[in-house]
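Novice: Questions regarding the structure given below will be posed in turn.
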Amino acid sequence: MTQTVFYVFAAFAVVSAALCILQRNAVSAALWLVSTMFSLAAIYVLLDAQFIAAIQVLVYAGAVMVLFLFVIMLLNLGQASSDMRGASSVAATVVIVGLLAIELFALWRYTPRRLASEISQAPAFADPATVFAAGQLAQQDAAARGVVGGLAAPLFQIYLVPFEITSILLLAAIVGAVVLAKRNA
Amino acid sequence: MLLGPALGLSAILFSLGVAGVLLRRNAIILFMCIELMLNAVNLTFVALAQLYGASGQIMVFFVMTVAAAEAAVGLAIILAIFRHKQSVDLQNINLLRG
């Protein structure tokens with residue numbers, strides 16, 4: 001059942017992403033990207049990452065894409081003519097992206113068992129449950145404390161310093177965006 | 001556990017993002033393709049977080065923050081370029097070309 005739902009959303013994500021890069025109109029491209037992000041949020045739920053799915057919808061499909069649409073409409077790019085590159089660039093793209101896709105798509109064949117046997121030092125078969133104990137612990141943690149609690153504890157303990165640095169990054173981004181967008185900077 | 005299929009899907013989405021960056025000349029659509037690539041990487045993190053624990057999901061959290069900051073600053077740059085050149089077509093933006 002989970003498999004079927006996953007493949008439905010995966011197909012939806014791939015088709016929307018392909019339409020996003022092929023749409024001539026910038027607004028439709030942005031809306032297809034929103035649909036890709038929604039299907040990815042559904043896939044995150046299937047992968048036991050409910051909190052990430054929620055912030056994917058809130059931050060990406062909500063905030064970031066609204067920013068994109070706002071800029072597209074501000075610049076009035078709705079009815080732009082085709083901006084595809086020439087035939088030689090398309091051929092080069094197909095070759096480069098094809099090689100990249102084949103290379104990356106080899107990951108398709110990984111199962112937890114195979115990853116465990118490749119990572120563990122023992123020459124023979126390894127049990128995923130012993131190699132990836134952290135995953136099991138995280139699942140028990142999420143079951144005990146809830147999805148958000150299981151994520152908040154490491155975020156505010158182990159990753160506290162990166163979390164605080166993130167706030168400095170956001171402050172710098174706000175100041176940078178305001179300075180750049182000011183008319184007579 | 002959906003490890004392999006999720007990694008395969010993220011490979012396809014990342015390749016589509018690269019294809020978009022190489023194919024299009026509209027700066028805003030280029031930006032959206034970069035967001036698509038970031039999303040593909042996020043999917044990899046979430047897929048492997050099933051095995052490695054919550055750290056993968058926290059990395060996704062940080063990637064999203066950086067992506068939001070990047071979108072804000074990048075779109076401000078595009079706005080500034082548009083004011084200067086009246087175009088977001090990358091062919092017309094060649095100030096640094098020798």
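The values are calculated or read from the model by the stated rules, or taken from the named source; none is laboratory data. Bear in mind the structure is a predicted one, so any value in this text is a computation, not a measurement. For neighbour counting, all protein chains shown are included, and Cβ atoms are generated from backbone atoms with ideal geometry for every residue, glycine included. Heavy atoms of the whole protein, side chains included, go into the accessibility calculation; ligands, DNA and RNA do not. Shrake-Rupley method; radii C 1.70, N 1.55, O 1.52, S 1.80 Å.
Novice: Does anyone have the angle between helix A:160-181 and the longest principal axis of chain A? Alpha-carbon axes, 0 to 90°, nearest 10?
Specialist: Helix A:160-181 sits roughly 10 degrees off the main axis of chain A.
Novice: Of the options A:Met37, A:Val90, A:Met73, report the single residue whose Cα projects farthest towards the positive end of the charge dipole of chain A (beta-carbon charges: Lys, Arg +1; Asp, Glu -1).
Specialist: Of the listed residues, the answer is A:Met73.
Novice: Still on this model: Would you work out the relative contact order for chain B, in percent, from Cα pairs under 8 angstrom that are 6 or more residues apart?
Specialist: 29 percent
Novice: From the square roots a ≥ b ≥ c of the eigenvalues of the alpha-carbon gyration tensor of chain A, which class results: rounded (a/c under 1.5), prolate (a/b over b/c), or oblate? Write down the numbers at each step before the final one.
Specialist: Working: a/c = 2.06, a/b = 1.35, b/c = 1.53.
Since a/c reaches 1.5 but b/c is at least a/b, the shape of chain A is classed as oblate.
Novice: Mind putting a number on the dipole of chain B about its Cα centre? Charges go on the C-beta only, +1 for Lys and Arg and -1 for Asp and Glu, and I need it in Debye to the nearest 20.
Specialist: 340 debye
Novice: Go through B:Leu95, A:Gly149, A:Leu115 and say which Cα lies farthest out towards the positive end of the charge dipole of the protein assembly as shown; charges sit on Cβ, +1 for Lys and Arg, -1 for Asp and Glu.
Specialist: Of the listed residues, the answer is B:Leu95.
Novice: Evaluate the relative contact order of chain A (contact order divided by residue number), counting alpha-carbon pairs under 8 angstrom at least 6 apart; express in whole percent.
Specialist: Relative contact order for chain A comes out at 13 percent.
Novice: Sort the range A:83-124 into rounded, prolate or oblate with this rule: let a ≥ b ≥ c be the square roots of the eigenvalues of the Cα gyration tensor; rounded if a/c is under 1.5, and if a/c is not under 1.5, prolate when a/b is larger than b/c, oblate otherwise.
Specialist: Judged from the Cα gyration tensor, the range A:83-124 comes out prolate (a/c at least 1.5, a/b above b/c).
Novice: Now for a different question. Please name whichever of B:Cys33, B:Ile12, B:Ala80 sits farthest to the positive end of the charge dipole of chain B, dipole taken about the Cα centre and charges placed at Cβ: Lys and Arg +1, Asp and Glu -1.
Specialist: Among B:Cys33, B:Ile12, B:Ala80, the one farthest towards the positive end of the dipole of chain B is B:Ala80.
Novice: Here's another thing I want to ask about it. For a test of the definition: using alpha carbon positions, the gyration tensor, and the 1.5 limit on a/c, classify the range A:1-81 as rounded, prolate or oblate.
Specialist: oblate
Novice: Accessible area of A:Met84, 1.4 Å probe, to the nearest 10 Å²?
Specialist: 60 Å²
Novice: For peptide A:2-8, how many partner chain Cβ atoms fall within 10 Å of a residue's Cβ, on average?
Specialist: Values: counts 2, 2, 0, 1, 4, 3, 0.
Mean partner-chain Cβ count within 10 Å for A:2-8: 2.
Novice: Within 12 Å, Cβ to Cβ, of B:Leu30, how many net charges do the neighbouring residues add up to if Lys/Arg are +1 and Asp/Glu are -1?
Specialist: Once positives and negatives cancel, what remains is 0.
Novice: Could you give the size of the charge dipole of the range A:86-185 about its Cα centre, using +1 on the Cβ of each K and R and -1 on the Cβ of each D and E, expressed in debye and rounded to the nearest 20?
Specialist: Taking the Cα centre of the range A:86-185 as origin, the dipole is about 320 debye.
Novice: Rank these residues by their accessible area, most exposed first, probe 1.4 Å: A:Arg85, B:Arg97, A:Arg145.
Specialist: B:Arg97, A:Arg145, A:Arg85
Novice: Just how large is the dipole of the protein assembly as shown about the Cα centre, in debye to the nearest 20, putting +1 at every Lys and Arg Cβ and -1 at every Asp and Glu Cβ?
Specialist: The dipole of the protein assembly as shown has a size of about 780 debye.
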